[in-house]
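Worksheet for the structure shown next.
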Amino acid sequence: MTPGQNLFVIFFAAVFTNNILLTYFLGMCPFLGCSREVKTALGLGTAVIFVITCTSGLNWIVYEFFLRQGALTWLLGAGAETLDLTYLRFIIFIVVIAAFVQFVEIVIERVSLRLYYALGVFLPLITVNCAILGVSLFMVIRDYSFLSAVAYGFGSGVGWALAIVAMAGIRDRMKKANVPHGLEGPGITLIIAGIMALAFMGFSGIIKL
Amino acid sequence: MANSAVKSQGYATLARGLWEENPIFRQVLGICSTLAVTNYLLNTIIMCAGLTFTLCASCVTVSLLRHYTPVRIRMMVQTLIIASYVIVVDIVIRAQLPEISEQLGPYVGLIITNCIVMGRCESFARSNGPVLSFWDALGNSLGYSAVLLCIAFFRELLGFRTLLGYRVLGDWFTPWTVMMMAPGAFFMLAILVWIARSRDAVEEEKGK
């Protein structure tokens, strides 16, 4: 993955061909739990898009300037060239995400109460959404540049939101359907998710990530 | 006497996690990070071992610290405890099994956000002693691992015709490509949930 790769390609690949939910199984818990109504799904989706975009940028900065091998030379001088704090990334990333979510919650509570009631309830849920941490970890593995990381984060968020809203729409239609007893709830949702994943595989010829 | 009572309570807690309150069948929780690696049985075994260690260790730690953790910041404390153990798991896998570590990619790190770990810490370990918490964590992680190993068994068998890398099915069997891909995992899990829940329904009717 070269840093100069087209941002547009990264974005589209993250939304369609490599959808974070349907190909990497990240963010499954809220996907199964909060996809009963389109309105809830839309709110949660928007919150995820926002948080995932910002935290992938933030975590990229933290990783590049503090954690990667030799990254601390700007602070500690040449002696720090062999210093490698990469193993701390799990802890640092999750702290950055949690702190950011808390910060956003406080800010929107002050700025707009309406927005707070629309999005605020979903924010605490987001800290433990695996998709957010997953994007940060994928970004490190793929060695993205700053802009690519943000584009990837944004694309993943949009892809996740798209999947959960589509699922909520489908489940809404299914309310009156006669589902076998054992399949009600999570069972049928997983089958729909599987069919959606199959449908999204249809995109896979368009772009390669 | 007291000792044996504690013991039987421990076994009851263990058994509850294994079947009655199996985290996957009952709550469909925590499938995020582990479902992704179920295309190979070996990867799943490693991943489940990592999860079992993390879950048991963090539940015991949370339980030991339960009187010293302020309620307001308990989530953050739990997350940090879990993350520390996941780092241990990651370093061990990286050192001992570098190839598998490469294949697992970011998923080992994602054990941190696995809802089961947080869920057990929050709903059980926070209000129970360390020994009971250990049994609860062990039961839950074994129940969880059993389901995932079952999924991985069928996915590897039908998708690659192998088990643990050894060829099992001959050329007469056409591999099911869908089992190698993401949808296969969704379908397998749905089928297992279906079976488990239908069995429950039958038992409930018998009970009436």
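The values are calculated or read from the model by the stated rules, or taken from the named source; none is laboratory data. Small disclaimer: the values here were computed from a predicted structure and weren't measured. Neighbour counts run over all protein chains shown; Cβ positions are idealised from the backbone, glycine included.
Would a scan of the stretch B:96-105 turn up a residue that is among the hydrophobic types (A, V, I, L, M, F, W, C) and surrounded by fewer than 22 Cβ atoms within 10 Å (Cβ to Cβ)? Please lay out each step first, then the result.
Restricting attention to the stretch B:96-105, the residues satisfying the condition of being among the hydrophobic types (A, V, I, L, M, F, W, C) are B:97, B:100, B:104.
Now restrict to residues that are surrounded by fewer than 22 Cβ atoms within 10 Å (Cβ to Cβ): B:97, B:100.
Yes.
Take the residues in the stretch A:175-206 that are assigned to a loop (DSSP other than H, G, I, E, B) and within 9 Å of another protein chain (Cβ to nearest Cβ), then tell me which one is nearest to the chain's Cα centre (by Cα). Lay out the reasoning, then the answer.
Going residue by residue through the stretch A:175-206, those that are assigned to a loop (DSSP other than H, G, I, E, B) are A:175-180, A:184-185, A:206.
Now restrict to residues that are within 9 Å of another protein chain (Cβ to nearest Cβ): A:180, A:184-185.
On the way: A:180: 33, A:184: 27, A:185: 24 Å.
Across the stretch A:175-206, the extreme among qualifying residues is A:185.
Residue by residue, here is whether (1) more than 14 Å from the chain's Cα centre (by Cα); (2) of a type in the set (A, V, I, L, M); (3) under 27 Å from residue A:37 (Cα atoms) holds:
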position	(1), (2), (3)
A:97	no, yes, yes
A:109	yes, no, yes
A:116	yes, no, yes
A:134	no, no, yes
A:143	yes, no, no
A:146	yes, no, no
A:149	no, yes, no
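Can you tell me how many residues within the stretch A:126-148 are assigned to a helix (DSSP H, G or I) and more than 14 Å from chain B (Cβ to nearest Cβ)? Can you show your working first?
Initial filter on the stretch A:126-148 (assigned to a helix (DSSP H, G or I)): A:126-127, A:130-142, A:146-148.
Of the ones still in play, those that are also more than 14 Å from chain B (Cβ to nearest Cβ) are A:146-148.
Number of matching residues: 3.
List the residue pairs whose Cβ atoms are under 6 Å apart, where the first residue sits in the stretch A:6-26 and is over 17 Å from residue B:105 (Cα atoms) and within 14 Å of another protein chain (Cβ to nearest Cβ), the second is surrounded by fewer than 21 Cβ atoms within 10 Å (Cβ to Cβ) and of a type in the set (Val, Ile, Thr), and the two are 6 or more positions apart or on different chains.
Every condition considered, the pairs that remain are A:17/A:207.
Can you name every residue in the stretch A:84-125 that is of a type in the set (Ser, Thr, Tyr), over 21 Å from residue B:88 (Cβ atoms) and in a helix (DSSP H, G or I)?
Our first condition is that a residue be of a type in the set (Ser, Thr, Tyr); within the stretch A:84-125, this holds for A:86-87, A:112, A:116-117.
Subset that is over 21 Å from residue B:88 (Cβ atoms): A:112, A:116-117.
Listed by number, the residues that qualify are A:116, A:117.
Quick test of your reading of the structure: residue A:99 fulfils all but one of (1) within 14 Å of another protein chain (Cβ to nearest Cβ); (2) surrounded by 15 or more Cβ atoms within 10 Å (Cβ to Cβ). Name the failing condition by number.
Residue A:99 satisfies all of (1) within 14 Å of another protein chain (Cβ to nearest Cβ); (2) surrounded by 15 or more Cβ atoms within 10 Å (Cβ to Cβ) except (2).
Mind checking which residues of the stretch A:102-115 are surrounded by 14 or more Cβ atoms within 10 Å (Cβ to Cβ) and either at pLDDT below 80 or of a type in the set (Asp, Glu) (or both)?
Taking the stretch A:102-115 as the starting set, the residues that turn out to be surrounded by 14 or more Cβ atoms within 10 Å (Cβ to Cβ) are A:102, A:104-105, A:108-109.
Correct list: A:105, A:109.
From A:49, A:61, A:20, which residue is β-branched (Val, Ile, Thr), closer than 23 Å to residue B:29 by Cβ and in contact with a helix residue (DSSP H, G or I) (Cβ under 9 Å, 6 or more places away or on another chain)? Show your work before the answer.
Numbers: A:49 fails: closer than 23 Å to residue B:29 by Cβ; A:61 fails: closer than 23 Å to residue B:29 by Cβ.
Just one listed residue meets the conditions, A:20.
Given A:164, A:195, A:191, which one is crowded, with 17+ Cβ neighbours inside 10 Å, within 17 Å of residue B:190 (Cβ to Cβ), β-branched (Val, Ile, Thr) and in contact with a Phe, Trp or Tyr (Cβ under 9 Å, 6 or more places away or on another chain)? Please lay out each step first, then the result.
On the way: A:164 fails: within 17 Å of residue B:190 (Cβ to Cβ); A:195 fails: crowded, with 17+ Cβ neighbours inside 10 Å.
Checking each option against the conditions leaves just A:191.
When the residues of the stretch A:50-90 are narrowed to those that are away from chain B (no Cβ under 14 Å) and touching a Gly at 6+ places or on another chain (Cβ under 6 Å), which ends up surrounded by the fewest Cβ atoms within 10 Å (Cβ to Cβ)? Lay out the reasoning, then the answer.
Kept after step one, since they are away from chain B (no Cβ under 14 Å), are these residues of the stretch A:50-90: A:50, A:53-54, A:57-58, A:60-62, A:64-66, A:68-83.
Remaining after also requiring touching a Gly at 6+ places or on another chain (Cβ under 6 Å): A:53, A:81.
Numbers: A:53: 21, A:81: 13.
The qualifying residue surrounded by the fewest Cβ atoms within 10 Å (Cβ to Cβ) is A:81.
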